[in-house]
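K.L.:
Mind looking over this structure? Questions follow.
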Amino acid sequence: MEDFHICPVTNYYQRILLPVCYSIVFLLGLTLNGALLWCVFSQTRRWSSTVVYMSNLAMADLLYVLALPPLIISDARGGQWPFGNIICKTVRFFFFVNLHCSMMFLTCVSVYRFLGVCFPITAVRLRTRKLALFASGSVWVLATVEIVPTLFFAHTGVINNMTVCFEMTNPGHFPGYFPYGLFLAIVGFLLPFLVVITCYFSMMKALFCRAAASISNARTARMRNKSLYTLLIVLLLFVVCFVPYHVARTVYLFVRVYMPGDCELLNKAMISFKAWKPVVSFNCCANPLLYFCGSGRHRQKIRAWLWTRKKRVQPSVFVVDGSTNRSGD
């Protein structure tokens, strides 16, 4: 096994920041996406297009968090990889496949919502369960094909007498990896990002124009304002979770290929890239929360569950007041 001696890098954050953040993501992502899938499979009788997309998104996020434990252990050991070459390739493969699937399913959801808001008549014909199933299957196939080269590039190696699992590839293969890395950045992030941004801005513009052009009652105005706020929150979460990570990753890849001798710059690029990795991981926890909070039926169930727990924990409050609120609010 070839031993690479590279620029000394600052990795003080690796033993604490990454394991702690990944552990939180693992616990939250496993619980929330597991709960979402349980609700879908146990309580949904008729699958709509929305349910198809959200269940596939939850599956991608769930598989993503299941790839985190080996990375948590490795980062806690300062980057040392104790699991062997096959598991290294497997973990990197599933990590990136499900990350790209998550991005693509979010794109599908944004297009689905865009059609419903901006082209409601056309949406009746296009937003079908059959088309949603076809699109979901296509996403899994395309993401898998995109990430297959990772099985060649990702492998174990020795850096400064320590066995590691290369996230992209070893230092000697970076010039060959660079075109593939740019391909992933463009096809796996930039194009879906432009589609999502276009869809959400178009929806917000349509809702805003309709609200300004029509005379509506207070209830309709509240619903439109709520829809605008929801779209803005989803868009901001999408931008914060994905944009900094992919920008930092591309910059790090560029510095690694074209300026490998500038150790100070390489350290800054690597720290920036590593620091944004947990942020993109938190997206898999936000998706089920947005689903539960965005669904009126699930909001009512959550409020009812919280209200029941409150009555059990604080029975004395209701004895003093002499009344019980049965509305579930």
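The values are calculated or read from the model by the stated rules, or taken from the named source; none is laboratory data. Source: prediction; values computed, not measured. Cβ: placed from backbone, ideal geometry, glycine included. Neighbour counts: every protein chain shown.
K.L.:
Condition check: part of a helix (DSSP H, G or I) and under 23 Å from Val20 (Cα atoms). Does Phe41 satisfy that?
P.N.:
Answer is no for this residue.
K.L.:
Regarding Phe96, is this residue surrounded by 15 or more Cβ atoms within 10 Å (Cβ to Cβ) and either hydroxyl-bearing (Ser, Thr, Tyr) or under 17 Å from Asn287 (Cβ atoms) (or both)?
P.N.:
So Phe96 does not fit the description; no.
Residue-wise test of (1) in a helix (DSSP H, G or I); (2) more than 18 Å from the chain's Cα centre (by Cα).
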{"residue": "Ser138", "(1), (2)": "yes, yes"}
{"residue": "Leu151", "(1), (2)": "yes, yes"}
{"residue": "Val164", "(1), (2)": "no, yes"}
{"residue": "Gly172", "(1), (2)": "yes, yes"}
{"residue": "Leu182", "(1), (2)": "yes, yes"}
{"residue": "Ile186", "(1), (2)": "yes, no"}
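Here's the yes/no breakdown for (1) among the aromatic types (Phe, Trp, Tyr); (2) closer than 22 Å to Arg15 by Cα; (3) surrounded by fewer than 18 Cβ atoms within 10 Å (Cβ to Cβ):
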{"residue": "Ala35", "(1), (2), (3)": "no, no, yes"}
{"residue": "Phe41", "(1), (2), (3)": "yes, no, yes"}
{"residue": "Arg45", "(1), (2), (3)": "no, no, yes"}
{"residue": "Tyr53", "(1), (2), (3)": "yes, no, no"}
{"residue": "Leu57", "(1), (2), (3)": "no, no, no"}
{"residue": "Tyr64", "(1), (2), (3)": "yes, yes, no"}
{"residue": "Ala67", "(1), (2), (3)": "no, yes, no"}
{"residue": "Ala76", "(1), (2), (3)": "no, yes, yes"}
{"residue": "Gln80", "(1), (2), (3)": "no, yes, yes"}
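K.L.:
For the structure I just gave you, tell me whether Leu131 is among the aliphatic types (A, V, I, L, M), farther than 22 Å from Gly261 by Cβ and in a helix (DSSP H, G or I).
P.N.:
Judged against the criteria, Leu131 is a match.
K.L.:
Among the β-branched types (Val, Ile, Thr), part of a helix (DSSP H, G or I) and farther than 27 Å from Met162 by Cβ: does that describe Val65?
P.N.:
Considered against the rule, which asks whether it is among the β-branched types (Val, Ile, Thr), part of a helix (DSSP H, G or I) and farther than 27 Å from Met162 by Cβ, Val65 comes out as no.
K.L.:
Met204 is checked against (1) more than 30 Å from Leu18 (Cα to Cα); (2) in contact with a helix residue (DSSP H, G or I) (Cβ under 8 Å, 6 or more places away or on another chain); (3) modelled with pLDDT under 85 and fails just one. What number does that condition carry?
P.N.:
Here Met204 clears every test but (3).
K.L.:
Counting just the residues of the range 150-181 that are of a type in the set (A, V, I, L, M) and closer than 19 Å to Tyr252 by Cβ, which one comes out surrounded by the most Cβ atoms within 10 Å (Cβ to Cβ)?
P.N.:
Ranking the qualifying residues of the range 150-181, first place goes to Ala154.
K.L.:
For the condition of a type in the set (A, V, I, L, M), surrounded by fewer than 21 Cβ atoms within 10 Å (Cβ to Cβ) and at pLDDT below 95, what is the one hit in Leu126, Leu106, Leu184?
P.N.:
Leu126
K.L.:
Would you please name the residue that is farthest from the chain's Cα centre (by Cα), looking only at residues in the range 236-290 that are small (Gly, Ala, Ser) and crowded, with 16+ Cβ neighbours inside 10 Å?
P.N.:
Among those that are small (Gly, Ala, Ser) and crowded, with 16+ Cβ neighbours inside 10 Å, it is Ala269.
K.L.:
Oh, and also: Checking Trp81 against (1) in a helix (DSSP H, G or I); (2) over 19 Å from Leu133 (Cβ atoms), which single condition isn't satisfied?
P.N.:
Answer for Trp81: the failing condition is (1).
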